[in-house]
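Report on one structure; see the data block that follows.
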Amino acid sequence: MDRFEISTEDDVVRARTAARRLAENLAFSLIDKTRIATAVSELARNTLVHGGGGRMVIGEAANGTTTGIRCTFTDAGPGIGDIDQAMTDGFTTNSSLGHGLPGAKRLMDEFKVESNVGQGTCVEVIKWK
Ligand SMILES: Nc1ncnc2c1ncn2[C@@H]1O[C@H](COP(=O)(O)OP(=O)(O)OP(=O)(O)O)[C@@H](O)[C@H]1O
Ligand SMILES: [Mg+2]
């Protein structure tokens, strides 16, 4: 498992590159590599922009029959008050597109958000081969 601090835009790019490299090493298809890199980029950017910075832990996942990539994003920011609302396409508190979270969910196979207002947010995603 590798850990990446996310406190600048460059860190977001590094997180994306690391995800793409691991996907490459695990021989994911080209389309899946792009899905993984896109989701990681969106989630890392949320950690930076909304969470005020944090970290990504990335590594191999296994479920007995197949391998995958697991990425966990953690911050100690303001948290998400209404997760259902945050997961709605087009919802944003930032006059952005509001497609990051729902987009990442569609791109990956497993998606879990845990958040407590005033404490922070943890998003975990997995892509299986
Ligand atoms: N790590 C986080 N900490 C606090 N709030 C978050 C976090 N991630 C997402 N949110 C909240 O969920 C909303 C939706 O996130 P989402 O990524 O879907 O859209 P966005 O970041 O606003 O826009 P886009 O990703 O399209 O540029 C955000 O506007 C923000 O209010
Ligand atoms: Mg976003």
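Any read-out appearing in this document is the output of simple, stated calculations on the displayed coordinates, not a laboratory observation. Here the structure is a predicted model, which is why all the values come from computation and not from measurement. Neighbour counts run over all protein chains shown; Cβ positions are idealised from the backbone, glycine included.
Local charge for K33 was computed over the other residues whose Cβ lies under 13 Å away, with Lys and Arg +1 and Asp and Glu -1, and equals +4.
The charge dipole of the chain, taken about the Cα centre with unit charges on the Cβ atoms of Lys, Arg (+1) and Asp, Glu (-1), comes to about 400 debye, rounded to the nearest 20. Normalised size of the chain, defined as Cα radius of gyration per 2.2 N^0.38 Å with N residues, equals 0.99. For the peptides 34-41, 75-82, 99-106, residues were scored by their other Cβ atoms within 10 Å and the scores averaged per peptide; the highest-first order is 34-41, 99-106, 75-82.
Would you mind counting up the charge near I69? Only other residues with Cβ under 14 Å from its Cβ, with Lys and Arg at +1 and Asp and Glu at -1. Surrounding charge for I69 is +1.
Near W128, once Lys and Arg are set to +1 and Asp and Glu to -1 for all other residues with Cβ below 9 Å from its Cβ, the sum equals 0. Only Cα pairs under 8 Å and 6+ residues apart enter the sum, and on that basis the relative contact order of region 1-51 stands at 45 percent.
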